[in-house]
Structures are given as structure tokens and as C-alpha cells.
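Participant: Have a look at the structure that comes next, please.
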Amino acid sequence: MCLFCCRHSNSERDLSRNMVITLYSVSDGPPSLAVQQCLKYLDLEYNLVNVDFGLGEHMTDDFAKKNPQKEIPVLDDNGFQLGESNAILQYLADKYPKDETLYPKDLQERALVNHRLCFNLSTYYRYISEYVMAPIFFDYQRTPLGLRKTTIALDNFNTYLKRTRTKYAATNNITIADFQLVTATMCLEAINFDISDYTFVKTWYANYKEEYPELWKLVEGGMKEISAFEKNPPDLSHMVHPIHPVRKQTKLLNSDL
Ligand SMILES: N[C@@H](CCC(=O)N[C@@H](CS)C(=O)NCC(=O)O)C(=O)O
């Protein structure tokens, strides 16, 4: 890139920095925590709006104006609203680049990053969240099939890391894909799921924590919340959810105490 372009893009970045970024986020939501890590990595200032999942704040008509899917996170960059955490990560890394490694321009490296993001959405986080998260919040059980899907996803990720022999999920540097894969993996840690059979995943995860302690701190906060909910599931019996069966918790009567 020519010097002019560099200066141009830097000043563009500085100008953009004066604009207001707001992230609607849920404190223990892996996709939200992936975006929070990205904002931190990029040193971007932003307003954090904590959406209360338990109160169903994301299911209101008002929230549907921001995201018709009624899902968190949502980014608002000076009026430009975007849902789907992968799209948010790609947008932030492209719009506010800090280096050339977080979301590489090289086509094949970028393709691998995009692949890992798709893999996380279609398989890795999907199966982990079905197995770990859904039974915590809703009326689902952990089943042998759910466990099998989770171990298949772990095995797939392990194979990718084994093939590339890279320090991070797609390249030897941290990329936006790692933000997602780390938050998905922390769900397993939250329920003390043993990943030691997946040696490449285990090494990648440990290395991430060591090399990016500030990013890990964000993820760890969510993990601790999930871990507490695992032991003491939240009472969402008041919620009318369009998809998930809500657990009917019978209120303890005084006579039961
Ligand atoms: N594909 C979406 C998924 C986001 C997602 O699942 N968010 C959860 C919170 S962690 C949510 O909003 N769920 C809505 C609900 O279950 O009512 C993304 O990556 O942004």
C-alpha cells in the first residue's frame, strides 16, 4: 500500500473514532463476547448496552427494530446497525484495521478465516451451545446425541489445527475467527468438560489465554456466569419464548422451606 493510502486510511480511522459505536450485548453470550474482544483488540471506544436476556429485553418490538431476528449482539456504528456476530467482526476489522493480520487481505488466509467463522456458526458453536447452553437456560436435556455432536465438532477443530500447525485457528496470528472459537470453547470449560483428548485444541486454548490475558478476562467473566448458572439454573419461567421450551419452575412455598 502506498504511503498516501496508509495516511489516508489512518486519518479515516481517526475520524471514524470520533463516531459513536454502541454494542448491544449479553454479558454471558459467546457471540457478544467475541465482538467485545474485537472492539478491545482494535482499541475502539464504545458504549456497552447490556441487554437482559432473562427479562427478555431482546424480544421487544423496540429491539426488533435493531435486529428483526431478536438476537444479541447488535452493533450500532453511528446509526449503521448490524446483527450477526460474524458480520460484525468482519465489518469492524475491515473498517477499523489495526494491523494486517486480524483479518488478512491475502485471499487464501482470508478464506481460512472465513472458513473458521462459518465452521463455528454451522458446527462448532452450534453443537456446543445446543449441548451446553440450551439445557441451562431452557427445558432441554443433555443427550448422548448432543454429546456426540460436540465431540465431532471438537474433533473437526482439532483436525484443522493439526493440519495447519498454526498457533491460532487460521494463521499464526490471532484473527477474528479466534474470538468466536474461544468463546465457544469457554462454554465447555464452564461445565468442566474435559477437552484434553483434543490436544491441538487444548494447546491453542491455553496459548490464547496466556498471550491475550486482557481478551481472556472478558471471556472469563462470561464463563463464570455460565458456570454459576450451570450449578443454579436461572428461573425463566416467566418467559414466553417463540422457539425454546421454557422450564416451569415451581415456586418454593413457605411450607416447603
Ligand atoms: N447467529 C447469531 C446468534 C446470536 C445468539 O444466538 N444470541 C443469543 C444470545 S447468546 C440470543 O440472542 N438468543 C435469543 C434467544 O434465545 O431468544 C450471532 O452470531 O450473532
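A short reminder: the numbers here are calculations on the coordinates, not readings from a lab. Note that the coordinates shown come from a computational prediction; the quantities given were computed from them, not determined experimentally. Counting neighbours? That spans all protein chains shown, and the Cβs are built from the backbone with ideal geometry, glycine included.
Participant: Shape verdict for the chain, please, from the Cα gyration tensor: rounded (a/c under 1.5), prolate (a/b greater than b/c) or oblate.
Facilitator: Oblate is the answer for the chain, as a/c is 1.5 or above yet b/c matches or exceeds a/b.
Participant: Related question: Going by C-beta contacts inside 10 Å, put T203, T22 in order with the fewest on the left.
Facilitator: T203, T22
Participant: Here's something else I'd like to know. Got a sec? How would L33, L117, L112 order by Cβ neighbour count within 10 Å, fewest to most?
Facilitator: By the 10 Å Cβ count, ascending, the order reads L112, L117, L33.
Participant: Which of M186, M19 comes first, and how do the rest follow, when ranked by fewest Cβ neighbours within 10 Å?
Facilitator: Going from least to most buried by this count: M19, M186.
Participant: Same structure, new question: For E211 and N232 in one chain, what is 0.36 nm times their gap in residues minus the Cα-Cα distance, to one decimal in nm?
Facilitator: 4.4 nm
Participant: With a ≥ b ≥ c the root eigenvalues of the C-alpha gyration tensor of segment 107-231, is it rounded (a/c under 1.5), prolate (a/b larger than b/c) or oblate?
Facilitator: Prolate, since a/c reaches 1.5 and a/b exceeds b/c.
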